[in-house]
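Every number in this text was worked out from the coordinates using simple rules, so none of it is lab data. Because the structure is a prediction, the values reported are computed rather than measured. Methodologically, a virtual Cβ is constructed for each residue, glycine included, from the backbone with ideal geometry; neighbour enumeration extends over all protein chains shown.
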DNA sequence: GTCTATATGGAGATAGAC
DNA sequence: GTCTATCTCCATATAGAC
């Protein structure tokens, strides 16, 4: 039996995917072992705190990704470019609607009570970062707050509906509507009739 | 020990609430027994198919409620009145954002694979019913389809965000925005100091 | 219809050899 | 770091008395 030596950074994304597909409770150590090709011994070597620690670190990993690819740009970058970057990042991250938001899924069941803080902060920072970019981009503060909330919640809702209907076109349509609502006047590939940005 | 004789119609809503709060996997028969004050014997008397049957019937119960209070009016009633009724029903049903959508929660984890059809139909009929009412109300078909999708997904997203942030005002704000998007010109309480309910 | 056993499986977790 | 064996507990589900 050829032994493969692993690092935590290699297995964590695999574990994240299991949680994303099954949810926290249905993701058994058996499943996680299969997907990572790791025995329980190795799993507990990396994560002495067991399943709860795995979820904690998965949440932290996701947060780090969003900080780098979404929040930081929105908070400190050029607003228009940062928002354009957000649309790209979101579309890539959620695999154009075929992948669910693990944090949103955790928020909806009993898992929220176990990981309340990271879940809260993930969404709070997203909304505030987008709000900040909108304001710096010239939007009125009150309108910016409402729009930021609408966008984040719209993405989550689109993921729910896309998965429920098993139809990822729901996601791309929703993303397009939200882009328009934010006022996306960047040049893009035209597909069908499109409201001209006046 | 005073025996209380129950009917299925009495216990089903209690079971629904347990599923709503915990999700399918975390809702154990132990919990369900506590909340319904029923032993496993009684539970299996009502639901020989066990937990899966309970979830099936809960889903059917929810669907029936929405058919009566939302879908039917939208499909066959006077459009403006039916849409106004939908806003009321949604606000009441989700307890102004304090209650999660069980069907949406089921859609996000492995539970979807067990109950794919009822989940799919719940959302599909909602979107189509609203679309129908919008068209009969004078909206352009293409716009109506997009708007219907936007509303249903917006409600789901609002529930996710409200629960994640533990802030139900997210839900009321989202509902108000969606009403405006649909073009709610019914007389409504003016923004500002809300008429206190108590 | 209700209850109290009880059966059985799989879950999370640990120990210790290699 | 990896594995296998094992522990304990609680899950779903059943049986049968009342």
Members of segment B:28-56 found to be more than 15 Å from DNA strand C (Cβ to nearest atom) and closer than 16 Å to residue B:17 by Cβ, listed by number | B:55
Could you look through segment A:35-44, keep only residues that are within 11 Å of DNA strand D (Cβ to nearest atom) and surrounded by fewer than 17 Cβ atoms within 10 Å (Cβ to Cβ), and pick out the one that is nearest to residue A:4 (Cα to Cα)?
-> A:37
So, of the residues in segment A:156-179 that are within 19 Å of residue B:170 (Cα to Cα) and more than 7 Å from chain B (Cβ to nearest Cβ), which turns out to be surrounded by the fewest Cβ atoms within 10 Å (Cβ to Cβ)?
-> A:178
Hits in segment A:119-130 (condition: farther than 15 Å from residue A:155 by Cβ and more than 10 Å from every other protein chain (Cβ to nearest Cβ)) = A:128
If residue B:52 satisfies every condition in (1) surrounded by 20 or more Cβ atoms within 10 Å (Cβ to Cβ); (2) within 12 Å of DNA strand D (Cβ to nearest atom) but one, which is the exception?
-> (1)
Restricting segment A:13-27 to residues that are away from chain B (no Cβ under 14 Å) and surrounded by fewer than 18 Cβ atoms within 10 Å (Cβ to Cβ), the one nearest to DNA strand C (Cβ to nearest atom) turns out to be A:14
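Can you name every one of the helices (runs of 4 or more DSSP H) wholly within segment B:1-87 that holds 3 or more residues which are more than 23 Å from residue B:130 (Cβ to Cβ)? Before the answer, list the steps.
Numbers: elements: B:8-22, B:29-36, B:40-46, B:50-66, B:72-76.
Once the helices (runs of 4 or more DSSP H) in segment B:1-87 are filtered for at least 3 residues that are more than 23 Å from residue B:130 (Cβ to Cβ), what remains is B:8-22, B:29-36, B:40-46, B:50-66.
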